[in-house]
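Q: Next up is a structure, given as structure tokens.
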Amino acid sequence: MNPYIKVLYNYIHSNISNTEDIQDILQETILAVWQGLKGFKRNSTFKTWIIGITRRKIADFYRRYYNNEYFGTLESKDIQNISSSLDEIGNVINSIDIEKSLATLSLKDKELLFLIFNAQLSYGEIAEITGIPKGTIKSRMYYLKDKLRPLLEERGV
Amino acid sequence: MEDKCQHMRDLIIDYVNTNIDESDKIQLVNHLSICPECRKELAMTLKLNMLISSTMSDVPKAIMESAFSLIPRTDETIATDPVAKLKSSLDALKVIPYALSATKKSIKLALQFI
């Protein structure tokens, strides 16, 4: 479990800024993992399973405190939602600084980048966790990369 | 973009995440040797990965230390479970043979000096 704590902590932290809330959600997540261990079916990998639990705990938090629809819409399979958020990225990425651009991406896209590069999940595993079809996730990623490409190449990071 | 390159884009993500299996890796390396576009794609994905990974921070000590605090402690579990309680009290008996043999050894050792 310990090797995953850093990923879980950063996943929560990327969605929630208050330290006490992060601490509570991490504790609740670990408790849920502990309680669910006996029932863990191994249909998915352990990592995918615990990240899925963390995601549900973050969603619970949003629902409880902010009545925020973000996680609801993320779980929606409506392609219309995705394309409108892609237009937003287009505008954001025109700014000069790529790090600033990354910081101002929508929560959905930040989450996608987090799950791919920091949690190191495959498209299939992300589809399993979020309920979004694999093809849609791929398209979002292609679009994100195409938008970021000129900035990354220009900066020669 | 060719279909082949489209597929390679997916493999590049797996490669960067070290999730790629050996046969896909060979396929990717062979393709990269003949496709400058996919080499660019790899370079760009590595840069993006580097940027995103750099946003990961270490878990603050206080959060790490309290991470498991909601999980009931083992001794509390023993205290509430009669079978576990009995087992744990029997554990103490297991020590007796070791204690006896240790005493025996030290008596033998002492006798050598008399």
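Q: Inside region A:116-150, can you point out the residues that are more than 10 Å from chain B (Cβ to nearest Cβ) and crowded, with 17+ Cβ neighbours inside 10 Å?
A: A:I126, A:A127, A:E128, A:I129, A:T130, A:I132, A:T136, A:I137, A:R140, A:Y143, A:K147
Q: Just to check your reading of the model, which residue among B:A43, B:A67 is small (G, A, S), within 11 Å of chain A (Cβ to nearest Cβ) and farther than 29 Å from A:L8 by Cβ? Outline the logic, then answer.
A: Numbers: B:A67 fails: farther than 29 Å from A:L8 by Cβ.
Exactly one residue qualifies, and that residue is B:A43.
Q: Let me ask you something else. For region A:20-49, give me each residue that is assigned to a helix (DSSP H, G or I), more than 19 Å from the chain's Cα centre (by Cα) and farther than 15 Å from B:S69 by Cβ.
A: A:G36, A:L37, A:K38, A:G39
Q: Now, a different point. For region B:13-28, how many residues are part of a helix (DSSP H, G or I) and exposed (fewer than 11 other Cβ atoms within 10 Å of the Cβ)?
A: As a first pass, look at region B:13-28 and keep what is part of a helix (DSSP H, G or I): B:13-16, B:22-28.
This time we only want the ones that are exposed (fewer than 11 other Cβ atoms within 10 Å of the Cβ), so: B:22-23.
Result for region B:13-28: 2.
Q: Can you tell me which residue within region A:17-31, out of those that are facing chain B (nearest Cβ under 9 Å) and aliphatic (A, V, I, L, M), is farthest from B:A62 (Cα to Cα)?
A: Filtering region A:17-31 for residues that are facing chain B (nearest Cβ under 9 Å) and aliphatic (A, V, I, L, M), the one farthest from B:A62 (Cα to Cα) comes out as A:L31.
Q: Surrounded by 17 or more Cβ atoms within 10 Å (Cβ to Cβ) and more than 9 Å from chain B (Cβ to nearest Cβ): is that true of A:Y4 in this structure?
A: Values: surrounded by 17 or more Cβ atoms within 10 Å (Cβ to Cβ): yes; more than 9 Å from chain B (Cβ to nearest Cβ): yes.
So A:Y4 passes the test.
Every number in this text was worked out from the coordinates using simple rules, so none of it is lab data. Everything numeric in this text was worked out from a predicted model, so none of it was measured. Glycine gets a Cβ as well: all are built from the backbone with ideal geometry, and neighbour counts include every protein chain shown.
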